[in-house]
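The values are calculated or read from the model by the stated rules, or taken from the named source; none is laboratory data. Model, not experiment: these values are computed from the prediction. Neighbour counts are summed over all protein chains in view; Cβ atoms, including those assigned to glycine, are modelled from backbone coordinates with ideal geometry.
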Amino acid sequence: MKTEIDIPDSIKSKLLIFDRLLHDWHKAKNLVSKSTMQDLWRRHFLDSYQLIRLRSKHLASLETEILTNENWLDIGSGAGLPGMVIAIAASCAETQSEIGSVTLVEANARKCAFMSAVSRETHAPAIILNTRIESLSLNSLSEKPDVITARALAPLPKLCSLLAPLMTQDTVALVHKGQDFVVELEKTAKIWDFTVVQHQSVVDESSVILEISNLKKR
């Protein structure tokens, strides 16, 4: 599948540092699936970066000159995908006016240590919370999220139960889902009311990014 996104050189240079650290740490920590390490840039970095492009297009469509500085919250961050890619982009001029704070939530301490190392070496500002998602609330966050991301975290019905306490009426969730997303949506709609927009993934023709808003329990 031909990709349609070019990552700016300033961001790419910092992703090279992320790449090196991921390979170094992976030998001992097994941070991501071994089968994806040979295709790291497409399977992980580009897959993460496409979320920024989605929001950039949305902000451009608003036809406003106001700098947005959206606050991003990445839940179940793992090795920092997509959250650390977003934080790296926030440190570069191309997207500084679009991305404000970036908070990453991960319960695994060794993965948090890895993300902290990436943040230091790339000079990418990130708030890293070593805690369970269920322990968070809007009041416990330093910034209310404008965008929440979740990648390979949970089936959609369960994921909505994690998202709901962290969303305001203006929050949008960007969720990676694979080829069974239609079945997941049908199951979720029996429990939750929500607005959803489907965006085709640029790295996998059978996958989508679900843009979820107005989420509330039925």
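Okay, here's what the table says:
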quantity	calculated
In the range 105-143, the residues that are outside any helix (DSSP H, G or I) and among the acidic types (D, E)	E106, E143
Residue check for T171: crowded, with 16+ Cβ neighbours inside 10 Å and touching a residue at least 12 places away in the same chain (Cβ under 8 Å)	yes
Top-ranked residue of the range 44-101 - restricted to ones that are among the acidic types (D, E) and under 15 Å from I7 (Cα atoms), ranked as modelled with the lowest pLDDT	E94
Condition broken by I133, with the remaining ones in (1) more than 25 Å from D193 (Cβ to Cβ); (2) out of contact with any Ser or Thr (no Cβ under 9 Å at 6 or more places or on another chain) satisfied	(1)
Residue list for the range 140-180, filter: β-branched (V, I, T) and over 18 Å from Q198 (Cβ atoms)	T168, T171
Selection from the range 179-218 of residues that are acidic (D, E), free of Cβ contacts under 8 Å to residues at least 24 places away in the same chain and either in a loop (DSSP other than H, G, I, E, B) or under 30 Å from I7 (Cβ atoms) (or both)	D180
Number of the condition not met by C160 [criteria: (1) in a strand (DSSP E or B); (2) under 27 Å from T68 (Cα atoms)]	(1)
Pick from the range 23-43, criterion in contact (Cβ under 8 Å) with a residue 40 or more places away in the chain and closer than 24 Å to D204 by Cα, ranking: surrounded by the most Cβ atoms within 10 Å (Cβ to Cβ)	L31
